[in-house]
Amino acid sequence: MSIMSTSHSKAAGAHAGHETRRLAEFAAGLRFEDLPGDLVARMRLHVLDGIGVCLHGAQLPWTRHVADMVQAEGSNGAATLWGQGGGARARASVSQAALVNGTAGHAFEMDDIHKESILHPNSLAVPVAFALAQADPGLSGRDVMTAIVAGYEVGARAGNAATTALFLNGFHPQGVTGPFAAAATAGRLLGLDARAMQHALGIAGSLGAGLMAAQEGAMVKRLHAGRAAQAGVQAAFLAQRGFTGIENILEAEYGGYLSAFAREYRIERLTDGLGQDWEAGKVGFKMYPNVTSMHAALDAYVHLRQAHGLKAEDIERIEVGCGHMTYVHVAWPYKPAGVTAAQMNLFYGLAVLALRGKLGAGDYVDERIADGDVLDFMARIHAFEDECIERRGPAFRHAATLRVRTKAGEIFTHDAWARRGSPENPVTRAEVEDKFFLNVARRVSDDAAQRIAELVAGLDALPDLDELVALL
């Protein structure tokens, strides 16, 4: 399909509010009984993964700054700041908890990823849903599950319509698209009717913000998720009180989400297959603690190392082919500028993997991101835009081709068309659970971690979330 231009989008203006209204009606009317059983089972894993990444990120410096600010402001103490200890200082208002916990969820590049929309929904929907469920003990696990799916669907569909154009225009989808996911989640738990939900989306979309220059070292990239989560909560609360938003926020031909941020877009992706083709079921898991766009290249190198016994000292040159967006996203010249920059850079990640034989959370700490051996090895890595990948279209934007030349003159190649952890190359339930336990190690006790996993495995049968939230 061709990308829709803004000039074509003017035809949608005659139906102002139609797509936004349809998504609002869907989110407001969604019932647990509407959800396929396999989707529910998959979503339990995304909730567990979301809790794990939030707890892992809770004590990182950027999250602590946000938590300290919230604690200094004071609040009504309705919801818990996860991983911040007990007592009154670990509680905040619902919107403040969404801000802190959402920031924690995006704090270490391990939240889940919906490829087409470029959205990480579990660092948005999970903190929002749990904060509201804590504030209203009458909400059940089924209510929470339904709301989270509503958020995943609305957020992903908004991002699908925006295409990669939004990203290439310099906007961070997590901050700009994320408020729709948060607002739909919050609105569903607040019981907003379709009209109020439409206004919630119209408020949230007007609050979205986030610039991609943050990826080169700024802490503020982490805040984009927290701010989007908070914006969605605030939008739903305002809509509940009769506050109005932009009724056609998604499709407005001037100053709307698509026309302003993306400018070139596919408006039909907002509602294609709505209620039948579940975007929530197309979300993948991250199995490396860095940006998803480099994962296929890392997978390809692991494959070649295992197949041919590659050692770093034997390698003369590594050539990495990738699509245009991936090239822009991760193949920029690396310089040590903080953990964020390291996690977003292909050259750093691939050099560490080649030299150390593995790549994990311990490689993304201030003490290691300027390692001289890693910086020297980067000179052997060469990235380029691969037309073979580009011709396959957006569905393959995470793909990579890898060519390794050894000092002995051997050449080894491998193409990774779907990264490990994606819906096309899935990981097992046990692997996601293992990731959770690794993420929460030293954050909660082993017994607490096991109980969290047990409760989430039966989330939709819980009458309330009191015990689960207490463990966080």
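The values are calculated or read from the model by the stated rules, or taken from the named source; none is laboratory data. Note that the structure is predicted; figures quoted are calculated from it, not measured. Every residue, glycine as well, gets a Cβ built from its backbone with ideal geometry; the counts of neighbours run over all protein chains shown. Calculation scope for accessible area: heavy atoms of the full protein, side chains included, ligands and nucleic acids excluded. Shrake-Rupley method; radii C 1.70, N 1.55, O 1.52, S 1.80 Å.
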| Residues being over 26 Å from the mean Cα position of the chain (by Cα), farther than 17 Å from residue 21 by Cβ and not hydroxyl-bearing (Ser, Thr, Tyr) - total across the range 242-260 | 2
| note | The condition of being farther than 20 Å from residue 122 by Cα, open to solvent by 10 Å² or more (accessible area, probe 1.4 Å) and either of a type in the set (Val, Ile, Thr) or touching a His at 6+ places or on another chain (Cβ under 9 Å) (or both) holds, among 191, 245, 217, 170, only for 245
| message | With the condition being out of contact with any Lys or Arg (no Cβ under 7 Å at 6 or more places or on another chain) and of a type in the set (S, T, N, Q), I'd like the helices (runs of 4 or more DSSP H) fully within the range 140-181 carrying at least 1 qualifying residues. | response | 173-176
| request: Please give the number of the condition residue 89 fails out of (1) over 23 Å from residue 202 (Cβ atoms); (2) in a loop (DSSP other than H, G, I, E, B). | output: (2)
| Selected residue [open to solvent by 10 Å² or more (accessible area, probe 1.4 Å) and either under 22 Å from the mean Cα position of the chain (by Cα) or in contact (Cβ under 8 Å) with a residue 24 or more places away in the chain (or both)] from 138, 155, 86 | 138
| What do you reckon, is residue 207 without any contact (Cβ under 8 Å) to a residue 60 or more places away in the chain, open to solvent by 60 Å² or more (accessible area, probe 1.4 Å) and within 24 Å of residue 92 (Cβ to Cβ)? | yes
| query | Any chance the range 195-204 includes a residue that's open to solvent by 10 Å² or more (accessible area, probe 1.4 Å), at positive phi and not basic (Lys, Arg)? | reply | no
| field | Scan of the range 248-285 for residues that are among the aromatic types (Phe, Trp, Tyr) and within 23 Å of residue 123 (Cα to Cα), ordered by number | value | 257, 261, 278, 285
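Does residue 249 meet the test of being over 23 Å from residue 330 (Cα atoms), part of a loop (DSSP other than H, G, I, E, B), in the same structural domain as residue 104 (by the TED database) and in contact (Cβ under 8 Å) with a residue 24 or more places away in the chain?
Details: over 23 Å from residue 330 (Cα atoms): yes; part of a loop (DSSP other than H, G, I, E, B): yes; in the same structural domain as residue 104 (by the TED database): yes; in contact (Cβ under 8 Å) with a residue 24 or more places away in the chain: yes.
Spelling it out, residue 249 is indeed over 23 Å from residue 330 (Cα atoms), part of a loop (DSSP other than H, G, I, E, B), in the same structural domain as residue 104 (by the TED database) and in contact (Cβ under 8 Å) with a residue 24 or more places away in the chain.
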| remark: Subset of the range 281-294, residues surrounded by fewer than 24 Cβ atoms within 10 Å (Cβ to Cβ) and of a type in the set (A, V, I, L, M), comes to 287, 291
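Does residue 237 meet the test of being within 21 Å of residue 251 (Cβ to Cβ), among the aromatic types (Phe, Trp, Tyr) and part of a helix (DSSP H, G or I)?
It is false that residue 237 is within 21 Å of residue 251 (Cβ to Cβ), among the aromatic types (Phe, Trp, Tyr) and part of a helix (DSSP H, G or I).
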| Positions within the range 295-324 being crowded, with 17+ Cβ neighbours inside 10 Å and over 20 Å from residue 423 (Cα atoms), in sequence order | 301, 304, 305, 310, 315, 318, 319, 320, 321
| said: Given the options 98, 107, 72, name the one that is assigned by the TED database to the domain that holds residue 234, assigned to a helix (DSSP H, G or I), at pLDDT 95 or above and on the phi < 0 side of the Ramachandran plot. | reply: 98
| Within the bounds of the range 100-109, is there any residue that is more than 20 Å from residue 470 (Cβ to Cβ), of a type in the set (D, E, K, R) and surrounded by 24 or more Cβ atoms within 10 Å (Cβ to Cβ)? | yes
| task | Being part of a loop (DSSP other than H, G, I, E, B) and within 14 Å of residue 51 (Cβ to Cβ) is the filter; apply it to the range 463-472 and report the residue that is most open to solvent (accessible area, probe 1.4 Å). | result | 471
